[in-house]
Structure formats: structure tokens, C-alpha cells
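Reviewing the structure listed below.
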Amino acid sequence: MSNATLYYTTTSCGASNFIAAHRAGILGSKLKAYQADIGAHKVLTGPKAGSDFYAINPKGNVPAIILADGTLLNENSATLQWIVDNAVTPVGAKNGTAERYLLQSKLSWISSELHGTVGGLFNPTLSAEVREFVVTKSYQKLQFLNDVELADGRKFFVGSAFTVADSYLYIVLSWSPYIKLDLSKFPNVEAYFKSIGELEFVKEAHAAMAKASPTTLSRKLSRPFLKLRQLLKRCF
């Protein structure tokens, strides 16, 4: 039986949790997953479909994992590590190891440095001057990712196998076309992003999210990321 519930959207950072949980082999067993509309603040799928999402998560954002005892986990650095600790197929190092602390460090970097910077570009009210500043800062983060973190052309962000850090970084990078960031300026980053996207289990996870979407949302998904800004609105 499932002992926790994940609420996510298909294109926001919450999707990284679905991908990680799919790879971990825990969807439907240790973790049920349901979609939320974070613009309308409604649960879209599952037994609570149509209910007020704020009643589940007062912050109104995703990802949100509700544990069996009712505990709410609500930030990627926490939710993704819960997935690591409950995985059947490993998606991160064991707790208490140096490798796990490194994973925590990388998750924190993605959250605070990359996600926290590029996320500002979803704000439609930015002036041209402010947007130029945020784009410059975003490219600085991507340059560091390209020249330092991925300088050796590695396939995975941490270690020699796919981890939750890859699912998170992959989703954040996937926003680039829609916030007008050019990944071709950063060949190591672009190659990494394409490689993760070609993994069979990542493709399977995207297909599973699309299949689980209610009809109205599925129509949106047929035009990739058409409503990305609305879906991401409360991810930041």
C-alpha cells in the first residue's frame, strides 16, 4: 500500500519528483501521485479531485508530499531526498555518507542558484532592464554549470548513475526555450540536457504524466508547455 502522496504538475519543478519516483520504482506502491492545478488551486486527479489544494498545502505550490502521518514535505531538497530514502531502484546515495552530503549540496545549488535565478524570468511584469539583469545572472549560473560542474562532459550531475539531482536539473533546464534562454551557448549543458531527456525511463515518466492528466489538461499538453507560465506560477 502507498504510504505517501505526491501532488505535482507536469511541467513545473514538481514533475522532477514524478520522474524520480518513477525511476525509483515506488509509484503506486510507496507513493501515489496526483496532479494539481496551481493556478486554480484545485486538485485535478485522485480521490480529492476538485478539492481546494490550499487545504492540502497552504503554500499552494508543488511538489508536495503528504506522508502517512500527515506530515507535509514541500521543497524539492526534502521531497526528492524522501524519494531517495524510499527507492527500490537507487536514485541517490544512502543517508549519512559523503556521497549523500554531496547530493544534498547539488540539490541546494539547483534550488537556490539556478532555479531561484531563472525562475524570475517567468514574471511577466519585469521591465526590460530588470529582465536583462536576470538573464545575465541566469547565464552566469549556466556558465558555471557548463565550465565547472559539467566540464568533464559527464552524463550525470552527481556520480556515475542517475539521481534525483538529475531529475531536478533536467526539469529546470527544460524551461529554457520558454523563458528565452539559449542553451546552445553552453555545449556541455545542452549535451547533458539532451542525454537525460533521451533516457528511456524519463520518456516513460513523461508519457505516464500525460496519460494521467485529465482531459482538459491533456489538451494543453498536446501543445507542449503552452500554459507553462500558469502551471509554474506557484513553483517559485
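The values are calculated or read from the model by the stated rules, or taken from the named source; none is laboratory data. Quick caveat: nothing in here was measured; it's all calculated off a predicted structure. Heads up, the Cβs are rebuilt from the backbone with ideal geometry, glycines too, and the neighbour counts pull from every protein chain shown. Protein only, heavy atoms only, side chains kept; ligands, DNA and RNA dropped before computing areas. Shrake-Rupley method; radii C 1.70, N 1.55, O 1.52, S 1.80 Å.
A few points about this structure:
- Matching residues, the stretch 10-28, being of a type in the set (Ser, Thr, Tyr) and at pLDDT 95 or above: Ser16
- Given (1) in contact (Cβ under 8 Å) with a residue 60 or more places away in the chain; (2) assigned to a helix (DSSP H, G or I); (3) of a type in the set (Phe, Trp, Tyr), number of the condition Phe162 does not satisfy: (2)
- Test: residue in the stretch 36-43 that is acidic (Asp, Glu) and loosely packed, with under 14 Cβ neighbours inside 10 Å: no
- Those residues of the stretch 81-105 which are assigned to a helix (DSSP H, G or I), more than 15 Å from Ala21 (Cα to Cα) and either among the hydrophobic types (A, V, I, L, M, F, W, C) or open to solvent by 30 Å² or more (accessible area, probe 1.4 Å) (or both), in sequence order: Ala98, Glu99, Tyr101, Leu102, Leu103, Gln104, Ser105
- Among the residues making up the stretch 118-142, those that are of a type outside the set (Val, Ile, Thr), closer than 24 Å to Tyr170 by Cβ and assigned to a helix (DSSP H, G or I) are Gly119, Gly120, Leu121, Phe122, Lys137, Ser138, Tyr139, Gln140, Lys141, Leu142.
- When Lys32 is tested against the conditions (1) over 26 Å from Glu204 (Cβ atoms); (2) assigned to a strand (DSSP E or B); (3) not β-branched (Val, Ile, Thr), the lone failure is (1).
- Flag if Ala78 is small (Gly, Ala, Ser) and either in contact with a Cys (Cβ under 7 Å, 6 or more places away or on another chain) or in a helix (DSSP H, G or I) (or both): yes
- Complete set of residues in the stretch 11-38 that are among the hydroxyl-bearing types (Ser, Thr, Tyr) and within 9 Å of the chain's Cα centre (by Cα): Thr11, Ser12, Ser16
- Set side by side, the residues Gly60, Gly46 differ, and just one is open to solvent by 30 Å² or more (accessible area, probe 1.4 Å) and on the phi > 0 side of the Ramachandran plot, which is Gly46.
- Near pairs, Cβ below 7 angstrom, 6+ apart or cross-chain, from the stretch 34-47 (within 13 Å of Lys211 (Cβ to Cβ) and touching a residue at least 60 places away in the same chain (Cβ under 8 Å)) to any residue that is open to solvent by 40 Å² or more (accessible area, probe 1.4 Å) and outside any strand (DSSP E or B): Gln35/Leu44; Gln35/Ala212; Thr45/Ala212
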